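Below is one structure; the comments refer to it alone.
The values are calculated or read from the model by the stated rules, or taken from the named source; none is laboratory data. Because the structure is predicted, anything quoted here is derived from the model rather than measured. Please note: Cβ atoms are built from the backbone with ideal geometry, for glycine as well, and neighbour counts cover all protein chains shown. Calculation scope for accessible area: heavy atoms of the full protein, side chains included, ligands and nucleic acids excluded. Shrake-Rupley method; radii C 1.70, N 1.55, O 1.52, S 1.80 Å.
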Amino acid sequence: MRSSFKTNNMASSPATDLSSTQAQVRSWRRAGERVGFVPTMGALHEGHLSLIRAARAHCDRVVVSVYVNEKQFGANEDLGTYPRQPETDRQLAEAEGADQVWLAKGEEVYPPGFSVAINMQG
């Protein structure tokens with residue numbers, strides 16, 4: 001399914017924001033391209049890279065997000081020491097064929113007024 005386009009003309013940038021990423025994805029989809037998405041918390045390793053390669057093999061375009069999600073850390077886990085290497089992550093993702101790397105910001109993922117409630121009974 002992989003297209004014949006070259007991936008060295010990447011649209012990614014360390015400053016990529018949500019709205020420009022969404023616009024790019026919409027453009028690709030309007031052109032009939034299949035877009036894969038690989039969400040990560042950064043500190044990319046072989047597991048992440050294999051997911052990017054798999055998306056590349058099955059999709060025309062690949063978007064990788066990098067966002068250290070503070071909501072995934074418990075009270076006794078140290079969010080402050082989680083490795084952050086956005087430029088290295090961007091370079092690694094692009095080397096594996098990512099067309100767009102979204103370096104997400106907290107306010108983009110959880111905009112003001114965002115809330116969610118989960119009620120589990122069982």
Inset, instruction - Spot the failing condition for Ser19; the list is (1) small (Gly, Ala, Ser); (2) in a loop (DSSP other than H, G, I, E, B); (3) under 14 Å from the mean Cα position of the chain (by Cα); (4) surrounded by fewer than 11 Cβ atoms within 10 Å (Cβ to Cβ), and only one is missed. - result: (2)
Legend entry - Single unsatisfied condition, Ser13 versus (1) under 13 Å from Ala93 (Cβ atoms); (2) of a type outside the set (Phe, Trp, Tyr); (3) surrounded by fewer than 18 Cβ atoms within 10 Å (Cβ to Cβ); (4) at pLDDT 95 or above: (4)
Inset, instruction - Can you run down the residue pairs with Cβ atoms below 9 Å, 6 or more apart or on separate chains, where the first is in region 28-52 and part of a loop (DSSP other than H, G, I, E, B) and the partner is polar (S, T, N, Q) and open to solvent by 100 Å² or more (accessible area, probe 1.4 Å)? - result: Met41/Gln72
Inset, instruction - Determine which member of the set Ala43, Ala55, Ala31, Ala95 is out of contact with any helix residue (DSSP H, G or I) (no Cβ under 6 Å at 6 or more places or on another chain) and on the phi > 0 side of the Ramachandran plot. - result: Ala43
Legend entry - Qualifying positions in region 54-83 - charged (D, E, K, R) and in contact with a strand residue (DSSP E or B) (Cβ under 9 Å, 6 or more places away or on another chain): Arg56, Asp60, Arg61
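Taking region 65-101 as the region of interest, how many residues are among the hydrophobic types (A, V, I, L, M, F, W, C) and under 30 Å from Ala117 (Cβ atoms)?
Initially, region 65-101 is screened for residues among the hydrophobic types (A, V, I, L, M, F, W, C), giving 66, 68, 73, 75, 79, 92-93, 95, 98, 101.
Subsequent filtering for residues that are under 30 Å from Ala117 (Cβ atoms) retains 66, 68, 73, 75, 79.
Qualifying residue count for the region: 5.
Against the definition (under 22 Å from Leu18 (Cβ atoms) and assigned to a loop (DSSP other than H, G, I, E, B)), how does Pro83 come out, yes or no?
On the way: under 22 Å from Leu18 (Cβ atoms): no; assigned to a loop (DSSP other than H, G, I, E, B): yes.
So Pro83 does not fit the description; no.
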Inset, instruction - Please determine, by comparing only the residues of region 88-114 that are open to solvent by 70 Å² or more (accessible area, probe 1.4 Å) and of a type outside the set (Gly, Ala, Ser), which one is modelled with the highest pLDDT. - result: Gln91
Inset, instruction - Scan Arg56, Arg84, Arg29 and give me the residue that is open to solvent by less than 50 Å² (accessible area, probe 1.4 Å) and of a type in the set (Lys, Arg). - result: Arg56
Legend entry - Odd one out for Asp78, checked against (1) over 13 Å from the mean Cα position of the chain (by Cα); (2) of a type in the set (D, E, K, R); (3) open to solvent by less than 50 Å² (accessible area, probe 1.4 Å): (3)
